[in-house]
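Heads up: the structure comes next, in structure tokens.
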There are 2 protein chains.
Amino acid sequence: MAQQEGLSGWLRLTLTPGIGGETQRKLLAAFGLPDAVFAAGRLAARAVAGERVDALFDFDPGEAVDRSITWAQQPGQHIVTLGDADYPASLLEIPDPPTLLYVRGNPALLARRGLAIVGSRNATPQGMQTAEAFARTLAGKGLAIVSGLALGIDAAAHRGALAAGGDTVAVIGTGADRLYPARNRELALAIAEHGAIVSEFPLGTPAVAANFPRRNRIISGLACGVLVVEAAPESGSLITARLAGEQGREVFAIPGSIHSPVARGCHKLIRQGAKLVETAADILEELGSEAAPDTETDASTNDGSDPVLAALGHGPCPLDDLVERTGLPADRLLGELLTLELAGRIATLPGNRYQRLG
Amino acid sequence: MAQQEGLSGWLRLTLTPGIGGETQRKLLAAFGLPDAVFAAGRLAARAVAGERVDALFDFDPGEAVDRSITWAQQPGQHIVTLGDADYPASLLEIPDPPTLLYVRGNPALLARRGLAIVGSRNATPQGMQTAEAFARTLAGKGLAIVSGLALGIDAAAHRGALAAGGDTVAVIGTGADRLYPARNRELALAIAEHGAIVSEFPLGTPAVAANFPRRNRIISGLACGVLVVEAAPESGSLITARLAGEQGREVFAIPGSIHSPVARGCHKLIRQGAKLVETAADILEELGSEAAPDTETDASTNDGSDPVLAALGHGPCPLDDLVERTGLPADRLLGELLTLELAGRIATLPGNRYQRLG
């Protein structure tokens, strides 16, 4: 597969300890592909992102890289990088897109128009029923149901989507080869078979509390809206809702009794401006469409500034992919790219690749 | 009692069939006191409000007038007119203040800072408990709890206020001598003893469906905010909430399960901008004060245009009352009244009374 050519460079960039997403993006913005970073060398990289880049040259995560490549060669297992044509366009809109994603299942689902449904692990039976019913209806309308594979609301949402024969994406906070929690193992296997399990964390990453909130930006990022079904006031679901707001996604919340502790988070969101939702139809109405246009079209339509810039996202992008993403004829696209380059908004990289600046 | 001097004129004006509130206010605006309308005669009255005023001169509701005067002479029974100093200032702010009010109990309560609590007659036990608990807490903080004496939420709200030893006002849609519904008779008697029952309808008026929505503007008008506890989407409580919004009052609503039919009205209100409320503290915080300043001070503070104009309200007002309401020294007040008169915003009436124009 052509797009996997530079994969070991992408893995080396992301598997080197101490090199965070921001540093990765700075280097990619400056040099284009990861291999170009390594070819440019330590001093050039330092000039861009400081001494922290030393780790990239001092430490060789070779074994982890090899293991990851082997993993991605198994059927139903994929690694999608920022440079790939099928990197989800919706994540290109967020300020901190993961540099690469480990995917079990069908990576094409990441391009579907998604709705995230999240909520409490300590949900009430009523809340789980609600989450499942909403997921079933909305998945039946063509929305991919995105959630976090946690117990409670998350699991109910995935189950509802699967029950409708619809699409569901589980964004997890562990390595894609580690399914957590154990009680959702069977559900996870069903999602891997009929949907997609996604993680930005290296293979083998165990369940670490700090990774879960970080993962939430991908849940909201993959969706055009987030529905919170039941949540405590200080909970991960509210973090997801906040991130959704920051990413320009719709936030929906289902109200409940004032005596229910897991309704408080939803009520807090509603007071902050989230849309109060009683039925799945409320959400479809708000999203303005019962059909499910693909996310790429959306991305280009939604970007206020420039459709080409939106399609470009934050990684280096081959011309062919841009043609496909924008739907523009190549000659017109080249003209627009030239304009953007002259305006200092993009850079042309070797191999007909384009990179957004800043 | 001096303010009851012209009472028979007020009663004749309001007890004549076919003379609605708008006509009454037109005539009062033109002539000042009701007696002056009758003294001016049919042609002068016609010039102001059209031929409908003929009824005033053709029809003599003498018996009903006498009966009402006798009623108001009994202990604990009062008639308060637009011209009285103790006409509630909060009602002077609304566009269609009742020309007179029949009051059983303590008319001074109408001047207290009020919060209306309304909701479904078919409330759930949980909803009634909620209404009672909110009323108890808020009455304990000095707010007069205003409601409509209906079964369900209304009754629970009155009960909560009484249980706290606080103030409560029942605005009813029947004559003040008719207590409806029968099942709330005992509660009504307790309110008459410890609070106030208020009606704008003539004595003897039976329960007529059309009168209840009309009465709702007085419920919201007497309050600085309306809390809806449980309500169906097309219900009287939502009318009260709408009127409250039009009158510039706060609207609060308590959310509930999406599966509860009596939560739907509240959810509708929240979507329209009502404040979602979980605790009594939410309301106190929104009202911006745990104390209970009297409503008159409020009225003058809240009026964006002119404190004198606000204190004047919509009825003819004696200078002495204006001094009391505005707290201004008489000479300064006279200066401001002259300015308003020259600006064509008020008229001076015989007997040192002032009347807002338009």
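Brief remarks follow.
- Check on B:Gly165, surrounded by fewer than 24 Cβ atoms within 10 Å (Cβ to Cβ) and at pLDDT 95 or above: yes
- Check on A:Gly9, touching a Phe, Trp or Tyr at 6+ places or on another chain (Cβ under 7 Å), under 29 Å from A:Asp320 (Cα atoms) and surrounded by fewer than 21 Cβ atoms within 10 Å (Cβ to Cβ): yes
- Of everything in region A:33-84 that is surrounded by fewer than 19 Cβ atoms within 10 Å (Cβ to Cβ) and in contact with a strand residue (DSSP E or B) (Cβ under 7 Å, 6 or more places away or on another chain), the residue that is nearest to A:Leu322 (Cα to Cα) is A:Gly76.
- Taking the criterion of being under 15 Å from A:Gly6 (Cα atoms) and either in contact (Cβ under 8 Å) with a residue 40 or more places away in the chain or in a helix (DSSP H, G or I) (or both), the residues of region A:58-80 that qualify are A:Gly62, A:Val65, A:Asp66, A:Ser68, A:Ile69, A:Thr70, A:Ala72, A:Ile79.
- Checked against the criterion of being more than 27 Å from B:Asn352 (Cα to Cα) and not hydroxyl-bearing (Ser, Thr, Tyr), the candidates B:Arg104, B:Arg46, B:Arg42, B:Arg12 yield just one match: B:Arg104.
- Candidates A:Leu203, A:Leu187 - the one that is surrounded by fewer than 22 Cβ atoms within 10 Å (Cβ to Cβ), in contact with a Ser or Thr (Cβ under 9 Å, 6 or more places away or on another chain), aliphatic (A, V, I, L, M) and at pLDDT 95 or above: A:Leu203
- Selection within region B:108-128: residues that are in contact (Cβ under 8 Å) with a residue 60 or more places away in the chain and within 14 Å of chain A (Cβ to nearest Cβ). The member of this set that is surrounded by the fewest Cβ atoms within 10 Å (Cβ to Cβ) is B:Thr124.
- Residue in region A:240-255 that is within 12 Å of chain B (Cβ to nearest Cβ), touching a Pro at 6+ places or on another chain (Cβ under 8 Å) and either at pLDDT 95 or above or in a strand (DSSP E or B) (or both) present: yes
- Selection within region A:225-237 - of a type outside the set (Gly, Ala, Ser) and either within 14 Å of chain B (Cβ to nearest Cβ) or buried (at least 24 other Cβ atoms within 10 Å of the Cβ) (or both): A:Val226, A:Leu227, A:Val228, A:Val229, A:Glu230, A:Pro233
- Number of positions in region B:1-40 that are within 19 Å of the chain's Cα centre (by Cα), within 11 Å of B:Leu56 (Cβ to Cβ) and not in a helix (DSSP H, G or I): 0
- Meets criteria (aromatic (Phe, Trp, Tyr) and either on the phi > 0 side of the Ramachandran plot or surrounded by fewer than 24 Cβ atoms within 10 Å (Cβ to Cβ) (or both)) for A:Phe134: no
- Filtering region B:264-287 to residues that are touching a residue at least 12 places away in the same chain (Cβ under 8 Å), assigned to a helix (DSSP H, G or I), surrounded by fewer than 22 Cβ atoms within 10 Å (Cβ to Cβ) and facing chain A (nearest Cβ under 8 Å) leaves only B:Arg264.
- Restricting attention to region B:306-337, the residues being farther than 30 Å from B:Gly142 by Cβ and modelled with pLDDT of 75 or more number 8.
- Taking every residue in region A:129-148 that is within 14 Å of chain B (Cβ to nearest Cβ) and assigned to a helix (DSSP H, G or I) and pairing it with any residue that is surrounded by fewer than 24 Cβ atoms within 10 Å (Cβ to Cβ) and among the small types (Gly, Ala, Ser), at least 6 positions away or on another chain, the pairs with Cβ-Cβ distances below 6 Å are A:Phe134/A:Ala280; A:Thr137/A:Ala280.
- For region A:81-101, the set of residues classified as more than 11 Å from the chain's Cα centre (by Cα) and part of a strand (DSSP E or B) consists of A:Thr81 only.
- Counting residues in region A:9-21 that are small (Gly, Ala, Ser), modelled with pLDDT of 95 or more and over 26 Å from A:Ser220 (Cα atoms) gives one or more.
- Within region A:32-49, the set of residues being in contact with a helix residue (DSSP H, G or I) (Cβ under 8 Å, 6 or more places away or on another chain) and in contact (Cβ under 8 Å) with a residue 24 or more places away in the chain comprises A:Leu33, A:Pro34, A:Asp35, A:Val37, A:Phe38, A:Ala49.
- Sole residue being closer than 29 Å to B:Gly140 by Cβ and modelled with pLDDT under 80, chosen from B:Asp303, B:Asp294: B:Asp294
- Condition check for A:Ser220 on (1) buried (at least 24 other Cβ atoms within 10 Å of the Cβ); (2) within 14 Å of chain B (Cβ to nearest Cβ): one failure, at (2).
The values are calculated or read from the model by the stated rules, or taken from the named source; none is laboratory data. Note that the coordinates shown come from a computational prediction; the quantities given were computed from them, not determined experimentally. Note that each Cβ is placed from the backbone with ideal geometry, even for glycine, and that neighbours are counted across all protein chains shown.
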